[in-house]
Amino acid sequence: MVNIVVDTNVIISGFITTNGNPAKVTDMIRDNDERIQLCYNKKIWDEYKEVLNRSHFHFDKEKVADLLNKIKKYGVSYEPPRSTFSMIDEKDRCFYDVAVHFDAKLITGNGRHYPMEWFVVTPTEFLAGI
């Protein structure tokens, strides 16, 4: 089993384009795929909930609720210590810190927002290695 932290942009992309690699990652979360363990913290949870429910996306409310329920039911939450180095987007720090704590793959479409680390991967890279 691989621990994963999924950037919100991947989940949003998975809802928008239902046949791409972000959708495959999102489906793995929704299906509680035994190959993965989703890891998050309160900030990540709050961002998922807020962004997925933005009215301009027009996402199916039942599908959003189902995914959020699966994250709560099967995911693992922990509040790791905050790292202190400079980041391009401070809102992404929580994803990085949780990934470090859980020795997890951080799956993102915005790799440039994170330090160049072996565990920061795109959805395509993640799926190729699982």
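The values are calculated or read from the model by the stated rules, or taken from the named source; none is laboratory data. Remember, predicted model here, so these are calculated numbers, not experimental data. Reconstructed Cβ throughout: ideal geometry from the backbone, glycine too, with neighbour counts over all protein chains shown. The accessibility values were calculated without ligands, DNA or RNA, using every heavy atom of the protein model including side chains. Shrake-Rupley method; radii C 1.70, N 1.55, O 1.52, S 1.80 Å.
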Quick one: in the stretch 102-129, which of the residues that are touching a residue at least 40 places away in the same chain (Cβ under 8 Å) and farther than 22 Å from Ile16 by Cα is most open to solvent (accessible area, probe 1.4 Å)?
Asp103
Residues of the stretch 52-67 that turn out to be exposed (fewer than 12 other Cβ atoms within 10 Å of the Cβ) and in a loop (DSSP other than H, G, I, E, B), as a count:
3
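On the basis of being of a type outside the set (S, T, N, Q), part of a helix (DSSP H, G or I) and without any contact (Cβ under 8 Å) to a residue 60 or more places away in the chain, does Asp33 make the cut?
For Asp33, the condition - of a type outside the set (S, T, N, Q), part of a helix (DSSP H, G or I) and without any contact (Cβ under 8 Å) to a residue 60 or more places away in the chain - is not met.
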Options Tyr78, Tyr40; residue that is touching a residue at least 12 places away in the same chain (Cβ under 8 Å) and under 24 Å from Leu127 (Cβ atoms)
Tyr40
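Of all residues being acidic (Asp, Glu) and in a loop (DSSP other than H, G, I, E, B) in the stretch 84-127, which is nearest to Glu47 (Cα to Cα)? Just the residue, please.
Taking the stretch 84-127 and keeping what is acidic (Asp, Glu), we get 89-90, 92, 97, 103, 117, 125.
Now restrict to residues that are in a loop (DSSP other than H, G, I, E, B): 89, 103, 117.
Details: Asp89: 14, Asp103: 21, Glu117: 23 Å.
Among those that are acidic (Asp, Glu) and in a loop (DSSP other than H, G, I, E, B), it is Asp89.
When the residues of the stretch 77-101 are narrowed to those that are hydrophobic (A, V, I, L, M, F, W, C) and open to solvent by less than 50 Å² (accessible area, probe 1.4 Å), which ends up farthest from Ile4 (Cα to Cα)? Outline the logic, then answer.
At the first step, the residues of the stretch 77-101 found to be hydrophobic (A, V, I, L, M, F, W, C) are 85, 87-88, 94-95, 98-100.
Checking which are open to solvent by less than 50 Å² (accessible area, probe 1.4 Å) leaves us with 87, 94-95, 98-99.
Numbers: Met87: 20, Cys94: 13, Phe95: 10, Val98: 9, Ala99: 7 Å.
By that ranking, first place goes to Met87.
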Lone qualifier among Lys70, Lys49 - being modelled with pLDDT of 95 or more, open to solvent by 60 Å² or more (accessible area, probe 1.4 Å) and outside any loop (DSSP other than H, G, I, E, B):
Lys49
Determine whether Ile36 is aliphatic (A, V, I, L, M), farther than 12 Å from Ile11 by Cα and surrounded by 14 or more Cβ atoms within 10 Å (Cβ to Cβ).
yes
Subset of the stretch 1-13, residues open to solvent by 10 Å² or more (accessible area, probe 1.4 Å) and either farther than 20 Å from His101 by Cα or of a type in the set (Asp, Glu) (or both), comes to Asn9, Ile12, Ser13
Among (1) surrounded by 13 or more Cβ atoms within 10 Å (Cβ to Cβ); (2) at positive phi, there is one condition Ile29 misses while meeting the rest; what is its number?
(2)
For the stretch 28-84, enumerate the residues that are among the small types (Gly, Ala, Ser) and touching a His at 6+ places or on another chain (Cβ under 6 Å).
none
